[in-house]
Every structure is written in C-alpha cells, then in structure tokens.
Amino acid sequence: MIYFDNGSTSHPKAPGVADAVRDIIERGCFNINRGGYAGAYEVADLVFSTREKIAKLFDCPTGRQVVFTGGVTLALNIALKGLLRPGDRVVITQMEHNAVLRPLAQLRAQGVVVDTARCFTDGRLDLSDMEAKITERTRLVVMTHASNVCGAILPVREVGAICRARGARLLVDCAQTAGVLPISMRRDNIDILAFSGHKSLLATQGIGGLVLSQELAGEMVPLVAGGTGSYSETADMPAELPDRLEAGTLNIPGIAALSAALDYIEETGVENVYARETALLKHLTDSVNAVSGVRIAGPSNLADKIAVAALDFPDMDNAVVAARLDEEYGIMTRCGLHCAPDAHKALGTFPRGAVRCSLGYFNTETEIDLFADALKQIVKGR
Ligand SMILES: Cc1ncc(COP(=O)(O)O)c(C=O)c1O
C-alpha cells in the first residue's frame, strides 16, 4: 500500500501519538476545569502545555490565545460566524476550501459582502488583484496559506502588510501548512489562525483550533455556548480566552495526540519537514514529467508550493486513473474537486477534477518510483 493522500489526513501519524492516546486513556482521561482532584489537574497541565506548544509553533504571545476545536472547519466557522455582521465586507481568494466558502455562503445570505481575489492559472495569488480588492471598508481577509488542490503557497506576509495598512483583519487557514511551513502570527500580521491537528501536524482527527487575540475574541459572538467550568453563575459566555470560544468538554485524547505530535515536529524541525517533503516533491515532479499524457496543474517552481501535485490526464478520465491506481497498484490518491471548486476553475480542471498526490514526511522515493511505473502502465494501456 502506498499512501499519497496526506492532504486529506496524514498517515502514518507521528511516532509517539498512538502511545500518548493509549497512555492518557489508561491513566485517566479526566475533564479539566470541572474536577478538583489530582488526575484532573494533571490533564489540565497537559492541555495547558499543549496550548503553549501551539503558541510557540505559530509565534503568538501566549497559550491562552489558543482555542481548541474539533478541527479547522469548526475553527473557521467560529471565526467567520462570530466576527462577521450584515454589511461587513470580506475578501477571499480563489484557492479557498469549502470550509471557508460554505460558511461565507451562509453569511452572504445574511448580508455579508464577499469579494474574491483572482489566482493565476497555476494557482498562485494575483497579489495586485488582492491589493485592489482590500479597501478601507474591508473588515476581514480570509485566505488559505497553501492550496489543498495544487499546493500553491499564498503570500500571507504580503497580504498581512496590506491588511495592516488598510485596517482589515487577516484570517489564515493553515490546514495544509501547519507543521510544514514556518508561520509567525506576529511577523506576518495574522490576526486569526485556524489549524488542523490531523494533517501535517501528524496528530489524530477531531482536534484543531483557532489562535487569536483577546481583543478580537471580545468582538466575537461565540458560535457555541455552554459549560466551561468557569463563571458558572453567569448566563453569558465568559469574556476571557480560551473559555469564551471553548464551550463543552474538550477532546482530551486528541490533545494528548497533538501534544506528542508537536514534540515530534519540534524535535524534527519544521524546516527539515519542509526540506524533506520538497525533495520528495521534486522527485515526484521529475518522475511525472517523464510520463507522457499527464500534466501537473499548479506552480512550476517548486519553491512556490508545498508537496501537493494535481495531476490532469487530458486524454483520460481522471477518476478512472485514480481508481486504477488504487485497485491495480494499491496507490491511494484522491480524485475530484477536493472541496475547492473555485481552485479547480482557476487551474482549468473544473468540473473534471484532478488526481491529487499529496505527499507526507514519511513517503519515500521508492514509493514515487512505483507510482511513476504504475502511471506509465496506465497511460500506455489507455
Ligand atoms: C485548506 C483546507 N481548509 C480546510 C480544510 C478542512 O479540514 P477538516 O475537514 O479537517 O476540518 C481542509 C481539508 O482538506 C483544507 O485542505
């Protein structure tokens, strides 16, 4: 079996993740802020230290600004629906995932105005179009850090500087880049960051989060209200982070997994993860380019992308190629629109979709060679 669907979820997970989940369940997976006993305090320490690790990874001032959610989709919904009001203006890009597009479609129906900055046919953002669309009236800019379809990295720092100059807030969807690209909320003027634990952070599904300032959280209406184990006498959600946006019991096994995965990433070094994945991407790109009848949609310069390659077979049905890779060669890719229809429109692969190979830190050159051999056979026999 060869797994090239890490953009969907990473496999395998970081060494230590499975043991960390087993360990906390066996030792006592108690709730925090609710029980006055040693086991609950131990778990509270774990949650606290994991917030601190996330704050360090994204260069944000304190762990208190880290809100855990069930994943990046929920994090994005909390941010968008909590912050935006009828009449607010938002700018997004053509590379956005449905986790951004669909909540915004709901908000549009309530009077939020959404404008989309163009991307080039290789998926890179047209920064001058973005710059023209961000005005003094823009409340929020929402952008993915890298496309989950073609891997294009979007210029967060440049957009952050424009937002700062024009008084707009910047929300970055780091689903595909957390753990692979260095991210600094301070340096890049990122006001809100949404992340997912189960992709390149190499932890389990069901854990992700939102990182933001106390000031911004104060401007938000909490999407979810409920128990926090704090200020229980009041009907309103607490004002302070993280409680303000974190109602209900946390996913403690997920946080244990995330903590172990963050330790692994810290030991390995984000820059080494990126270097390894880029070396694999180069091997994949060279190998695919040697096969006739297939093109890679997306940036041609590898420095402009993460290790995701969208393969398009102009003379074949892409879905059939993906199915044959799986059934005949045991190679797992993902075909279709990857929950990002506008990205495919920009890339010229709508509505047929593309065969996405998303590599991970644990893939190997040998797997890529086997993949290239399989492609040659499939193309030859078409
Ligand atoms: C860029 C981007 N944003 C958001 C998501 C949604 O992630 P999840 O389904 O884990 O919430 C994904 C998942 O593929 C993604 O790639």
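Numbers for the structure displayed
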read-out	value
Cβ pairs under 6 Å, 6+ apart, first in region 166-183 and open to solvent by 10 Å² or more (accessible area, probe 1.4 Å), second away from the ligand (no atom under 13 Å from the Cβ)	ARG166/ILE134; ARG166/GLU136; ARG169/LEU140; ARG169/ASP191; PRO182/VAL270; ILE183/PHE58
Subset tally (residues that are touching a residue at least 40 places away in the same chain (Cβ under 8 Å), farther than 20 Å from THR177 by Cα and open to solvent by 50 Å² or more (accessible area, probe 1.4 Å)) for region 312-347	6
Number of positions in region 348-364 that are crowded, with 17+ Cβ neighbours inside 10 Å, under 20 Å from SER147 (Cα atoms) and of a type in the set (Phe, Trp, Tyr)	1
Some residue of region 134-148 being open to solvent by less than 60 Å² (accessible area, probe 1.4 Å), hydroxyl-bearing (Ser, Thr, Tyr) and closer than 25 Å to LEU359 by Cβ	yes
Positions within region 229-261 being of a type in the set (D, E, K, R) and either surrounded by 22 or more Cβ atoms within 10 Å (Cβ to Cβ) or within 19 Å of GLY63 (Cβ to Cβ) (or both), in sequence order	GLU240, ASP243, ARG244, GLU246
One residue from VAL273, VAL291 being away from the ligand (no atom under 16 Å from the Cβ), under 19 Å from the mean Cα position of the chain (by Cα) and surrounded by fewer than 21 Cβ atoms within 10 Å (Cβ to Cβ)	VAL273
Hits in region 326-370 (condition: hydrophobic (A, V, I, L, M, F, W, C), more than 14 Å from the ligand (Cβ to nearest atom) and within 17 Å of the chain's Cα centre (by Cα))	CYS357, LEU359
Any pair with Cβ under 7 angstrom, 6 or more apart, that starts in region 72-88 at a residue that is open to solvent by 10 Å² or more (accessible area, probe 1.4 Å) and hydrophobic (A, V, I, L, M, F, W, C) and ends at one that is within 12 Å of the ligand (Cβ to nearest atom) and assigned to a helix (DSSP H, G or I)	VAL72/ALA99
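The values are calculated or read from the model by the stated rules, or taken from the named source; none is laboratory data. Quick caveat: nothing in here was measured; it's all calculated off a predicted structure. Cβ: placed from backbone, ideal geometry, glycine included. Neighbour counts: every protein chain shown. Note: areas computed on protein heavy atoms with side chains; ligands, DNA, RNA excluded. Shrake-Rupley method; radii C 1.70, N 1.55, O 1.52, S 1.80 Å.
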